[in-house]
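Values quoted throughout were computed directly from the atomic coordinates according to the rules given, and no laboratory measurement underlies them. Bear in mind the structure is a predicted one, so any value in this text is a computation, not a measurement. All Cβ positions, even for glycine, are placed from backbone atoms using ideal geometry, and neighbour counts span all protein chains on display.
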Amino acid sequence: MIESAKDGAIQRMLECRPTQGIVQHREAGLDWLERNGVNVSADSLIVTNGVAHGIWTAMASITEPGDVVATEALVDTSITTNASILKVRLYALAIDQKGIIPESFEEACSHEKVRVLCTTPCYSAPTVSLMDETRRERIAEIARQHDVAIIEDDVFGPLIPKRPKPMWCFAPERTYYATSFTKCVMPSLRTGFLAGPTSAIPRLILRVRAAGWSANIWTADVASRWLKDGTIDRLIEWQRQKLKTRYGILKHVLDTFSYEAEPYAMHAWLTLPEHWRSRHFVDHARSLGLLVSPPDPFIIGRVVEPHAVRLALGDTNRNDQDFKEGLERIAALLREHPDPMNYSY
């Protein structure tokens with residue numbers, strides 16, 4: 001705020017501001033997107049209150065009630081919440097360690113009128129899948145063939161040092177690209193950017209206006225200044241090193257168990273031994289003061305529940321020793337054989 005007062009920016013922020021975001025903030029956003037492989041004009045960019053706000057804005061501008069939105073079979077809870085509010089139907093696509101399987105997407109498009117593909121190609125929650133460029137290009141081709149819009153959640157992408165190209169690069173004419181600083185920098189820096197096809201910008205602006213007129217200009221100003229002075233880059237590098245350390249601890253403590261994890265991911269997907277069921281394990285862990293996420297909130301429709309749990313690696317409020325001790329207690333619980341569940345008839 002002091003810096004804003006010095007250069008006169010605070011005066012601009014006290015004025016009635018455009019829904020799309022002030023030019024200075026959008027120009028900073030252009031630089032940020034360019035670093036991540038997305039090149040658009042300032043007219044095609046909207047400042048948002050984080051990636052969730054961007055995804056909701058895109059989905060609300062594209063869909064009508066009853067439309068089909070295809071997405072990963074296990075997906076972040078914000079997507080299921082959006083679908084419930086907007087009255088759209090989610091279609092679960094088969095996934096593997098590289099994310100959405102193209103054949104599953106193609107089959108969905110052949111049997112349904114899919115309006116939107118909503119995807120997180122980098123470190124999808126909860127499975128930590130990372131889609132390579134070959135698959136991204138193939139999925140973009142399928143979307144183009146069937147005239148499907150793409151909403152790309154790239155909130156984790158900036159954490160990957162040598163990241164794959166965003167899906168936007170393979171289908172810019174139909175992709176709505178959303179990103180933010182909430183994961184790669186800090187949760188409280190809730191500023192993001194949404195890029196979309198030029199023809200869609202008026203509709204997107206209307207949705208932003210209806211939901212709260214515009215993004216928070218104060219956090220957007222902090223983000224813009226930090227982009228210019230290198231603070232964002234320093235914080236991302238700190239985050240990467242912290243996550244890489246946590247990944248090393250995870251590999252050491254859970255070396256005999258099955259899990260999916262990546263060096264710069266903020267979560268891991270732990271497959272439970274055969275003697276554990278996910279709900280039973282979550283309840284036992286909670287009774288010991290250990291919080292792990294069950295698969296239920298991430299499941300779409302009647303997808304068979306995997307016996308796995310999500311582990312958080314990105315809680316920097318706890319030191320590495322606390323993190324290690326928590327994992328050691330989880331490992332000990334995994335080795336236990338629970339008593340048979342009691343049933344009432």
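Here are some pairs, Lys98/Lys324; Lys162/Lys244; Lys165/Lys242; Lys98/Lys244; Lys251/Lys324; Lys98/Lys242; which of them have Cα atoms lying more than 22 Å apart in this structure?
Details: Lys98/Lys324 28 Å; Lys162/Lys244 14 Å; Lys165/Lys242 24 Å; Lys98/Lys244 20 Å; Lys251/Lys324 11 Å; Lys98/Lys242 24 Å.
Distance filter (> 22 Å) returns Lys98/Lys324; Lys165/Lys242; Lys98/Lys242.
Defining a contact as two alpha carbons under 8 Å apart and six or more residues distant in sequence, what relative contact order in percent does segment 2-229 show? Write down the numbers at each step before the final one.
Details: 404 pairs, mean separation 60.2, N = 228.
Relative CO of segment 2-229 lands at 26 percent.
Within segment 223-261, whose backbone N sits under 13 Å from a point 7 Å along Cα→Cβ of Gln97?
Residues 258-261 fall inside that zone.
Subtracting the Cα-Cα distance from 0.36 nm times the residue separation, let me have the gained length for Ser41 to Trp213 in nm, one decimal. Don't skip to the end; give the middle numbers.
Working: separation 172, 0.36 × 172 = 61.92 nm, distance 2.17 nm.
The Ser41-Trp213 span can extend by a further 59.8 nm.
What residues of segment 102-119 lie in the reach of a label at Val303, counting those whose backbone N is under 13 Å from a point 7 Å from the Cα along Cα→Cβ?
105, 118-119
Give the range of the longest stretch in the chain that excludes all GluC sites (Glu not before Pro) found in loop regions by DSSP and having at most 15 other beta-carbon atoms within 10 Å.
174-273
Cross-link partners among aspartates and glutamates for Lys228, C-alpha distance below 15 Å, same-chain residues fewer than 8 apart left out?
Reachable aspartates and glutamates: Glu3, Asp7, Glu27, Asp31, Glu34.
Could you pull out every residue, at least 5 positions away or on a different chain, whose amide H is within less than 5 Å of the one on Ile95? Hs are placed 1.01 Å off N in the peptide plane, and Pro or chain starts have none.
Under 5 Å from the amide H of Ile95: Ala73, Ile101.
Once the Cβ-Cβ distance between Phe257 and Asp132 is put in as r, and R0 is 30 Å, what FRET efficiency do you end up with, to the nearest 0.05? Can you show the working numbers first?
Working: r = 26 Å, r/R0 = 0.85.
Approximately 0.70, to the nearest 0.05.
What list of ³J(HN,Hα) values in whole Hz, one per residue of segment 196-212 in order, does the Karplus curve 6.51 cos²θ - 1.76 cosθ + 1.60 (θ = phi - 60°) give from phi, with Gly and Pro shown as x?
Once θ is set to phi - 60°, the couplings for segment 196-212 become x, x, 3, 5, 8, 4, x, 5, 4, 4, 4, 5, 4, 4, 5, 8, x Hz.
If I take every Cα pair under 8 Å that is 6 or more residues apart in segment 83-204, average their sequence separation and divide by the length, what percent do I get for the relative contact order? All intermediate terms of the calculation are to be shown ahead of the outcome.
Details: 176 pairs, mean separation 23.2, N = 122.
Result for segment 83-204 is 19 percent.
With θ taken as phi - 60° and the coefficients 6.51, -1.76 and 1.60, list the Karplus ³J(HN,Hα) couplings across segment 147-163 in order, rounded to whole Hz; mark glycine and proline as x.
Per residue, the Karplus-derived 3J(HN,Hα) values read 6, 9, 6, 10, 10, 10, 8, 10, 5, 8, x, x, 6, 8, x, 10, 6 Hz.
Through the Karplus equation 6.51 cos²θ - 1.76 cosθ + 1.60, θ set to phi - 60°, convert the phi angles of segment 59-67 into ³J(HN,Hα) values in whole Hz; use x for Gly and Pro.
5, 5, 7, 8, 9, 10, x, x, 5
I'd like the distance between the alpha-carbon centres of segment 13-53 and segment 147-215, rounded to an integer number of Å.
10
Given 0.36 nm per residue, what is the gain on full extension from Met186 to Glu173 after removing their alpha carbon distance, in nm?
So the chain would gain 1.6 nm between Met186 and Glu173.
For Glu133, what charge total do you get from the other residues with a beta carbon under 15 Å from its beta carbon, if Lys and Arg give +1 and Asp and Glu give -1?
Result for the neighbourhood of Glu133: +2.
Which of rounded, prolate, oblate describes segment 2-229, given a ≥ b ≥ c as roots of the alpha-carbon gyration tensor eigenvalues and a/c under 1.5 marking rounded, otherwise prolate only if a/b is larger than b/c?
Verdict is prolate for segment 2-229.
Given contacts defined as C-alpha pairs under 8 Å and at least six residues apart, what's the relative contact order of segment 244-345, whole-number percent? Let's see the in-between values first.
On the way: 111 pairs, mean separation 32.1, N = 102.
It comes to 31 percent, rounded to a whole number.
Work the Kirkwood hydrodynamic radius out for segment 232-335: mean of 1/r over every pair of different alpha-carbon atoms, inverted, in Å.
Working: mean 1/r = 0.0693 Å⁻¹.
It works out to 14.4 Å.
For Thr48, which sequence-distant residues (separation of 5 or more, or a different chain) have an amide H within less than 5 Å of its own amide H, given hydrogens modelled in the peptide plane?
Counting only residues 5 or more places away or on other chains, the set is Gly192, Phe193, Leu194.
What list do you get for Cys109, Cys118 if you sort them by fewest beta carbons within 10 Å?
So the residues, fewest neighbours to most, are Cys109, Cys118.
Name the longest site-free stretch of the chain, where the excluded sites are trypsin sites (Lys or Arg not before Pro) in a DSSP loop with no more than 16 other beta-carbon atoms within 10 Å.
Excluding the exposed sites themselves, the longest stretch runs over 163-276.
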